[in-house]
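To start, the structure itself, in structure tokens.
The values are calculated or read from the model by the stated rules, or taken from the named source; none is laboratory data. Not measured: the values here are computed from a predicted model. Neighbour counts are summed over all protein chains in view; Cβ atoms, including those assigned to glycine, are modelled from backbone coordinates with ideal geometry. Remember, those area values only see protein heavy atoms, side chains included, never the ligands or the DNA or RNA. Shrake-Rupley method; radii C 1.70, N 1.55, O 1.52, S 1.80 Å.
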Amino acid sequence: MTKKEKMHSLEVFAAQIRLETLKIIASRGFGHVGGSMSMADAMAVLYGDIMKIDPARPRWEGRDWFVLSKGHGGPVMYATLGLKGYYPIESAYTLNQPGTDFPSHTDRNKTVGVDLTTGSLGQGMSEAVGAALGSKAQGRGNHVFVAIGDGEADEGQIWEGAQFAAHYKLDNLICLVDDNKRQLDGACADVMSHGKGLAAKFDAFGWHVINVADGNDVEQIYNAIQAAYEVKGQPVCLILNTVKGKGAAFAEPSGAHSSQPTKEQWDEAIAASEAALAAIRAQ
């Protein structure tokens, strides 16, 4: 497969993830659309090509790990894992229902393929750091990927984990920041500014930082991860400049954190996502 063909395949996968993410949240009628949709492209690259995984052996010791620290983005992970064959995708349409295996925040004890439970913001970074340290200690040679939100980076636990990872030279740890510029209550710059920016902060903590100008472009994400693999002696942070609610007509313009659209709005968004998928496939 040529790189062009690979990128097209990842674009198709990202569009599939967006469509299924919408369907999963629509099954409940409301949920965290914004921060789920902005991560679809990164999830496509990770699970579509980059990560060593085996859906038939979700606890395979040689696998790469993924930690969704911004655990409220669970729907995009459920869509991704379902499309990769960890379970029938339709089973995720029970999102947040009584007795479901698909809670609103990711839970490794409930959902097949989830490596670590998250939801309390900031906690996933510490978990990922521990997983990366353990992997090194055991000589496994795998990678740990952790996704955090720019709003989540208000949490002090993020920076405690960042300091620890740099001190112990965890070069098997790659952090992806979903830098969509918005959080629950509004723009990050208004709610809690990151000063000189997240790139400067991670750099100050001793990380190698790679800025991804378009964090919703699969080729740019892919190239950044390949560059991250070349870094030795430092953890790597990828700043993904994304659009919150990307691909959801009722969420993208406002960058809504959580949405409760009407049935008509859901139907329109799903139809538009189906059309977008068909158009990408036809390219």
Worksheet entry | Top of Ala147, Ala40, Ala199 by mean-square fluctuation, Gaussian network on the chain, Cα under 10 Å | Ala199
Response to the item:
With the 8 Å Cα cutoff and a minimum separation of six or more residues, the chain has a relative contact order in percent of 23
Worksheet item: Most mobile of His105, His167, His72 per a Gaussian network model of the chain (Cα springs, under 10 Å)?
Response: His167
Worksheet item: Can you work out the FRET efficiency for the pair Ala137 and Lys181, with r the C-beta to C-beta distance and R0 = 51 Å, to the nearest 0.05?
Response: 0.85
Discussion item. Quick one: 3J(HN,Hα) in Hz for region 274-280, Karplus 6.51/-1.76/1.60 with θ = phi - 60°, rounded, Gly and Pro as x.
Written reply: 4, 5, 5, 4, 4, 5, 5
Discussion item. Assuming 0.36 nm per residue, please report the length gained on full extension of the stretch Ala275 to His194 beyond their Cα-Cα distance.
Written reply: 25.4 nm
Worksheet item: Using 1/(1 + (r/R0)^6) with R0 = 30 angstrom and r between the beta carbons of Asp203 and Gln157, what's the FRET efficiency to the nearest 0.05?
Response: 0.95
Response to the item:
Counting only protein heavy atoms with a 1.4 Å probe and every protein chain in place, the carbon and sulfur fraction of the accessible surface of region 134-283 in whole percent equals 50
Practice prompt. Report the relative contact order of region 201-283, percent, no decimals, based on alpha-carbon pairs under 8 angstrom and at least 6 residues apart.
Written response: 24
Worksheet item: What order do Trp207, Trp65 take when sorted by accessible area (1.4 Å probe), most exposed first?
Response: Trp65, Trp207
Practice prompt. Take the chain, connect every pair of alpha-carbon atoms lying under 10 Å apart with a spring to form a Gaussian network, then pick out the residue of Gly186, Gly34, Gly139 with the largest mean-square fluctuation.
Written response: Gly139
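Send over a whole-number figure in Å² for the accessible area per residue of region 135-283, probe 1.4 Å.
Details: 7010 Å² over 149 residues.
Each residue of region 135-283 exposes 47 Å² on average to a 1.4 Å probe.
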Practice prompt. Show which lysines lie in cross-link reach of Lys23 when reach means a straight Cα distance below 23 angstrom and same-chain residues fewer than eight apart are skipped.
Written response: Lys70, Lys84, Lys110, Lys244, Lys246, Lys263
Worksheet item: How many nm separate the modelled label positions at Thr2 and Arg57, each set 7 Å beyond the Cα in the direction of the Cβ?
Response: 3.5
Response to the item:
On the formula 1/(1 + (r/R0)^6), with r taken between the Cβ atoms of Asp214 and Gln260 and R0 of 30 Å, the FRET efficiency rounded to 0.05 is 0.55
Discussion item. Taking the full set of protein chains and a 1.4 angstrom probe, give the accessible area of Lys84 in square angstrom, rounded to the nearest 10.
Written reply: 70
Discussion item. Quick check: pseudo-label points 7 Å beyond the Cα along Cα→Cβ at Ala227 and Lys169, how many nm apart are they?
Written reply: 2.3
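What's the extension gain from Thr100 to Phe30 if we count 0.36 nm per residue and subtract their Cα-Cα distance?
23.6 nm
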